[in-house]
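Trainee: Here's a structure for you.
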Amino acid sequence: MILMIIITGASDGLGYQLAKLYKDAGKIVVNVSRRECPVADYNFLHDLAVGKDVEAAAQEILALDEPLEILINNAGVYSEQPIRSITKDEVKRLMATNVESNILLTSFLIDRIKQDGTDILSVISTAGRKGNPSHAVYAASKWAQRGYTEALQAELKDTSSRVIAFYPGGMKTKLFEKELNYDPTDDGLYWMDPRDIAIFAKQILDLPKNIEVSDVVINRKKT
């Protein structure tokens, strides 16, 4: 039977590269995002910052018969501003997409996850391990995502599901441009290729089920 891969935010960036890899591997790929992924078998178009949309996406996933092999919580938004400029709306925006959507989608799917032995890849960021100037809200959302992922690891430790906390550094994607209205990855510096990161993530998930890589940190390095 063909197995199913759920990827949030597979319309571009790392999520899109993962979708292409799993499609090439013969998997059924499901994208949950506001925009379509051209290689996905199913596009469930929802705003993951809205709780009822997350629930609707979960119901669409549960209506599919194929076993759920992997859930990749990848969708996220970026924020950059000095401490004095932080607003309540900005905090709510980041927490809704980066944290609440992961918690709610996993919660709605948890019985299916336990039944199918689904692995979960939580795409966080190196911002979930260290703070940087002007990144207070973004870092706070990523530390919250880290805390939830670690709690989920404890919750599922006696099941066949593996939970991987995945901390990639800066990649050449549209994440920054969407929020800053310019692309800082055009500066010619050492931004990582999301396809390389996707290949690495899939290699980890392809390991035998009795091998659980709990935490993966990927830093950029000057060459």
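The values are calculated or read from the model by the stated rules, or taken from the named source; none is laboratory data. The shown structure was predicted, so the numbers you read here are calculated from the model rather than taken from an experiment. When we count neighbours, we look across all protein chains shown, and the Cβ atoms used for this are built from the backbone with ideal geometry, even at glycine.
Trainee: Specify the residue that is modelled with the highest pLDDT; the eligible residues are those in the range 170-195 that are part of a loop (DSSP other than H, G, I, E, B) and more than 23 Å from Glu90 (Cβ to Cβ). I'd like the intermediate steps shown before the answer.
Mentor: Of all residues in the range 170-195, those part of a loop (DSSP other than H, G, I, E, B) come to 170, 172-174, 181-183, 188-191, 193.
Now drop any that are not more than 23 Å from Glu90 (Cβ to Cβ), which leaves 172, 188-191, 193.
Working: Lys172: 71, Gly188: 64, Leu189: 72, Tyr190: 77, Trp191: 83, Asp193: 89.
Per the criteria, the residue is Asp193.
Matching residues to (1) of a type in the set (Gly, Ala, Ser); (2) within 24 Å of Asp116 (Cβ to Cβ); (3) within 14 Å of the chain's Cα centre (by Cα); (4) buried (at least 22 other Cβ atoms within 10 Å of the Cβ):
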{"residue": "Asp12", "(1), (2), (3), (4)": "no, no, yes, no"}
{"residue": "Ile28", "(1), (2), (3), (4)": "no, yes, no, no"}
{"residue": "Tyr42", "(1), (2), (3), (4)": "no, yes, no, no"}
{"residue": "Val50", "(1), (2), (3), (4)": "no, no, no, no"}
{"residue": "Ala56", "(1), (2), (3), (4)": "yes, yes, no, no"}
{"residue": "Ala75", "(1), (2), (3), (4)": "yes, yes, yes, yes"}
{"residue": "Glu80", "(1), (2), (3), (4)": "no, no, no, no"}
{"residue": "Arg84", "(1), (2), (3), (4)": "no, no, no, no"}
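Trainee: How many residues are more than 20 Å from Ser122 (Cα to Cα) and of a type in the set (Ser, Thr, Tyr) when one looks only at the range 18-48?
Mentor: Summing the residues that are more than 20 Å from Ser122 (Cα to Cα) and of a type in the set (Ser, Thr, Tyr) in the range 18-48 gives 1.
Trainee: Of all residues in the range 115-139 being modelled with pLDDT of 95 or more and assigned to a helix (DSSP H, G or I), which is surrounded by the fewest Cβ atoms within 10 Å (Cβ to Cβ)?
Mentor: Top of the filtered list is Gln115.
Trainee: Can I ask one more? Any idea which of (1) crowded, with 19+ Cβ neighbours inside 10 Å; (2) among the charged types (D, E, K, R); (3) touching a Leu at 6+ places or on another chain (Cβ under 7 Å) is the one Arg112 doesn't satisfy?
Mentor: It is condition (1) that Arg112 fails.
Trainee: Name the one entry in Leu71, Leu62 that is at pLDDT 95 or above, among the aliphatic types (A, V, I, L, M), closer than 24 Å to Leu205 by Cβ and crowded, with 24+ Cβ neighbours inside 10 Å. Outline the logic, then answer.
Mentor: Numbers: Leu62 fails: crowded, with 24+ Cβ neighbours inside 10 Å.
After ruling out the rest, the residue left standing is Leu71.
Trainee: Consider the range 188-223. How many of its residues are in contact (Cβ under 8 Å) with a residue 40 or more places away in the chain and either surrounded by 14 or more Cβ atoms within 10 Å (Cβ to Cβ) or under 25 Å from Asp12 (Cβ atoms) (or both)?
Mentor: If we filter the range 188-223 for residues that are in contact (Cβ under 8 Å) with a residue 40 or more places away in the chain, which is where we start, we get 194-195, 197-199, 201-202, 204-205, 209, 212-220.
After this cut, where a residue has to be either surrounded by 14 or more Cβ atoms within 10 Å (Cβ to Cβ) or under 25 Å from Asp12 (Cβ atoms) (or both) as well, the list is 194-195, 197-199, 201-202, 204-205, 212, 215-220.
Here the count works out to 16.
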